[in-house]
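Visitor: Mind looking over this structure? Questions follow.
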Amino acid sequence: MKLNIQNTFTSELPADPITGNQRRQVAEACFSYVEPSPSAAPKLIHVSKEMLDNLGLSVADSRSAEFLKIFTGNAVLDNTQPYAMCYGGHQFGNWAGQLGDGRAINLFEVAHQEKQWVVQLKGAGATPYSRTADGLAVLRSSIREYLCSEAMHHLGVPTTRALSLALTGDKVMRDVLYNGNPAYEKGAIVSRVSPSFLRFGNYELFTSRQDAQTLKTLVDFTIKHHFTHLGSPSKEAYIAFFNEVVQSTLALIVHWQRVGFVHGVMNTDNMSILGLTIDYGPYGWLEGFEEGWTPNTTDLQQKRYRYGNQPNIGLWNLYQLANALYPLIEEVAPLEDALNQYRTGFPKAMIQMMRQKIGLSTEKEKDIALIQELERLLQEAETDMTIFFRLLSKVEKADTSNGLDLIKEAFYTPSELSASLREDWEAWFQFYGNRLQEEAVSDQERKKSMNQVNPKYVLRNYMAQLAIDDAENGDYGLLEELFELLKKPYSEQTHQEKWFAKRPEWARHKVGCSMLSCSS
């Protein structure tokens, strides 16, 4: 197994002088060297062939004893030193101090085909940043992360990736709903891959400690390796860097809203500096279109991270990053300018995204009213977001009088639509039909473009839970089926029509299918 190993992070950034995995506060360092914890009986249960190829590995490599050992933490590749990153963060709006990689261990960097990747293990044991936790992961959460990161990539949503999924052979104690009922679960490890796992919290921590020197070192490193086009470090480069992070974060959250994805834990330590979706915990896809929905049990009261609030939280988090970078810029105005670009740009980007979802290729002032009324109607009766937008593409502009009938399968209880709500829907379809008449594109062209932004298949929580249930019993067939299904989320895949369906009623309140905790 040959890899083109790079070690830029550990060779160019300050290391914690203390070694070992014991918990501690780490000062003036970007990382700590650690050792993964060996597992009892590691077993590889799935590998992404695409990610193997991205790293320069073959399927044969993935079947080797060396691969199994390295990607389950039972061996360290020659000439590499695993490490855990040091960072802080705001959690649920409050500064939490030092956090760091408590459940992730970075193995090495790989350069291949002019791309650079960081490879890490999630669930390979405690680090200095684990606090009171064990640093382990369970099969349930590992399957969810493995499937979702790859599904998001194929949806066109910027994301970290997943290379492999393995059982450890160890039992791990978890309280899935934080309700005082812990139980042993199967231990597992996901190998995650990304150009970088740097988060807003990496920068926040040094500013909170008034450590401007380490902050500058880290920002300079980030620009050198991930924003090379900005040139040599300078105040102008720092401002441009922040502007780019603002815009990539905006673009990311628009993508989330487009496909109905709810992250669940948008803490600043879970915000990628590269605008990637990072850390798949209690995420979920909207079933019924509901602005106020959150998949996170920890957030049930405040609903800070609900679907409709994700754009606002993106801005709030960017304010925290602006505060972190201020010591290097020492000017408020350029940071405010960048944040204002987000504040004014997000509504425009959302309207444009919604135009695409409903098949409008031109811009009219009336579109805002059309979209706002649609969003109101979608929430009046429980309406499946994914199914609705996919079925909407079947409407023909010459006659939209059958529109309500075409999308009725998206309603969870169509028989309960009131007469007044039916009238509102019919009025909307008339409004929509009149608007479509102003479009030059044909129905066929519009359907094609709509089906390129409205997925047919998403990883609904109940689907992941079915794969988890089977995997707990040693059956990985459904895991493979969903992995392949979600590679082509915009394709019809008529042989997989069973997954183009509303959430079954048994899953409405089932643990793992509706709500999850941060330990998920």
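Visitor: At 0.36 nm per residue, and after removing the present C-alpha to C-alpha distance, how many nm does the segment from Asp475 to Phe92 gain when stretched out fully?
Guide: Here the answer is 134.2 nm.
Visitor: Would you kindly find the accessible area of Glu66, with a 1.4 Å probe and non-protein molecules such as ligands, DNA and RNA excluded, rounding to the nearest 10 Å²?
Guide: Roll a 1.4 Å probe over it and Glu66 shows about 80 Å².
Visitor: Now, a different point. Explain nothing, just compute: Karplus ³J(HN,Hα) = 6.51 cos²θ - 1.76 cosθ + 1.60, θ = phi - 60°, for every residue of the stretch 156-165 in order, whole Hz, x for Gly and Pro.
Guide: x, 9, x, 7, 5, 10, 10, 9, 8, 10
Visitor: Arg376 accessible area, nearest 10 Å², 1.4 Å probe?
Guide: 90
Visitor: Under a 5 Å amide H to amide H cut-off, with H placed in plane at 1.01 Å, what residues pair with His46 once short-range neighbours are removed?
Guide: Residues meeting the amide H criterion: Leu165.
Visitor: Let me ask another. Using a ≥ b ≥ c from the Cα gyration tensor of the stretch 58-152 (square roots of the eigenvalues), is it rounded, prolate or oblate, where a/c under 1.5 gives rounded and otherwise the larger of a/b and b/c decides, a/b for prolate?
Guide: In terms of gyration-tensor shape, prolate.
Visitor: Could you pull the Rg and Dmax for the stretch 122-212, using just the Cα atoms, both in Å?
Guide: Radius of gyration, then largest Cα-Cα span, for the stretch 122-212: 15.8, 44 Å.
Visitor: Nearest 0.05, what FRET efficiency do Ser442 and Gln25 give at R0 = 51 Å with Cβ-Cβ as r? Please list the in-between numbers first.
Guide: Working: r = 64 Å, r/R0 = 1.25.
After rounding, the FRET efficiency stands at 0.20.
Visitor: Kindly sort Thr413, Thr494 by accessible area of their heavy atoms, largest first, with the probe set to 1.4 Å.
Guide: Numbers: Thr413 65, Thr494 110 Å².
Solvent-accessible surface, decreasing: Thr494, Thr413.
Visitor: Run the reach check for Lys366 against lysines, Cα to Cα strictly under 27 Å, same-chain hits fewer than 8 apart removed. What comes back?
Guide: List returned: Lys348, Lys357, Lys394, Lys397, Lys408, Lys447, Lys448.
Visitor: Select one label from (i) 217; (ii) 155; (iii) 229: the one whose number is volume of the Cα convex hull per residue in Å³ as derived from the coordinates shown.
Guide: (ii)
Visitor: Would you mind getting the Kirkwood hydrodynamic radius of the stretch 327-376 from its Cα pairs, rounded to one decimal in Å?
Guide: 12.9
Visitor: Moving on to the next point. Using amide H atoms built in the peptide plane, which far-off residues or other-chain residues are under 5 Å from Leu136 H to H?
Guide: Residues meeting the criterion, in which the H sits 1.01 Å from N, are Gly125.
Visitor: Here's another thing I want to ask about it. Explain nothing, just compute: Karplus ³J(HN,Hα) = 6.51 cos²θ - 1.76 cosθ + 1.60, θ = phi - 60°, for every residue of the stretch 252-263 in order, whole Hz, x for Gly and Pro.
Guide: Using θ = phi - 60°, the values come out as 4, 6, 4, 4, 4, 5, 4, 9, x, 8, 10, 5 Hz.
Visitor: Could you sort Ile239, Ile368, Ile358 by their accessible area in this structure, using a 1.4 Å probe and putting the largest first? Let's see the in-between values first.
Guide: On the way: Ile239 40, Ile368 75, Ile358 0 Å².
Most to least solvent-accessible, the answer reads Ile368, Ile239, Ile358.
Visitor: For the stretch 459-520 and the stretch 182-229, what is the separation of their C-alpha centers, rounded to whole Å?
Guide: Using only Cα atoms to place each centre, the spacing works out to 31 Å.
Visitor: Next question. Separation between the Lys115 and Val76 pseudo-spin-labels, each 7 Å from Cα along Cα→Cβ, expressed in nm?
Guide: 2.8
Visitor: What are the ³J(HN,Hα) values, in whole Hz, obtained from phi via the Karplus relation 6.51 cos²θ - 1.76 cosθ + 1.60 with θ = phi - 60°, for each residue of the stretch 361-372 in sequence order, with x given for Gly and Pro?
Guide: Values, residue by residue: 9, 10, 10, 10, 4, 5, 4, 4, 5, 4, 6, 4 Hz.
Visitor: Follow-up. Out of Leu163, Gln120, Gly135, whose Cα points farthest toward the positive end of the dipole of the stretch 113-166 (charges: +1 Lys, Arg; -1 Asp, Glu; placed on Cβ)?
Guide: The residue sitting most towards the positive pole is Gly135.
Visitor: A further question on this structure: For Thr249, Thr207, write out the residues from largest to smallest accessible area, computed with a 1.4 angstrom probe and no ligands counted. Walk me through the numbers on the way to the answer.
Guide: Details: Thr249 0, Thr207 35 Å².
Ranked from most to least accessible, the order is Thr207, Thr249.
Visitor: Then there is this: Quick check: from the Cα gyration tensor, does the stretch 465-519 come out rounded (a/c under 1.5), prolate or oblate?
Guide: Since a/c reaches 1.5 but b/c is at least a/b, the shape of the stretch 465-519 is classed as oblate.
Visitor: Can you work out the accessible area per residue across the chain, with the rest of the protein chains kept in place, probe 1.4 Å, in square angstrom? Kindly include the intermediate steps, with their values, before the conclusion.
Guide: Details: 20570 Å² over 520 residues.
On a per-residue basis, the chain sits at 40 Å².
Visitor: So how much slack lies between Asn4 and Ala501, counting 0.36 nm per residue of separation and subtracting their Cα-Cα distance, in nm?
Guide: 174.5 nm is the gain from fully extending Asn4 to Ala501.
Visitor: Between Ser491 and Gln352, what's the calculated FRET efficiency when r is the beta-carbon distance and R0 is 30 Å? Round to 0.05.
Guide: My answer for the efficiency is 0.75.
The values are calculated or read from the model by the stated rules, or taken from the named source; none is laboratory data. Just so it is clear, the structure is predicted and the values come from calculations on it, not from any experiment. Neighbour counts are summed over all protein chains in view; Cβ atoms, including those assigned to glycine, are modelled from backbone coordinates with ideal geometry. Calculation scope for accessible area: heavy atoms of the full protein, side chains included, ligands and nucleic acids excluded. Shrake-Rupley method; radii C 1.70, N 1.55, O 1.52, S 1.80 Å.
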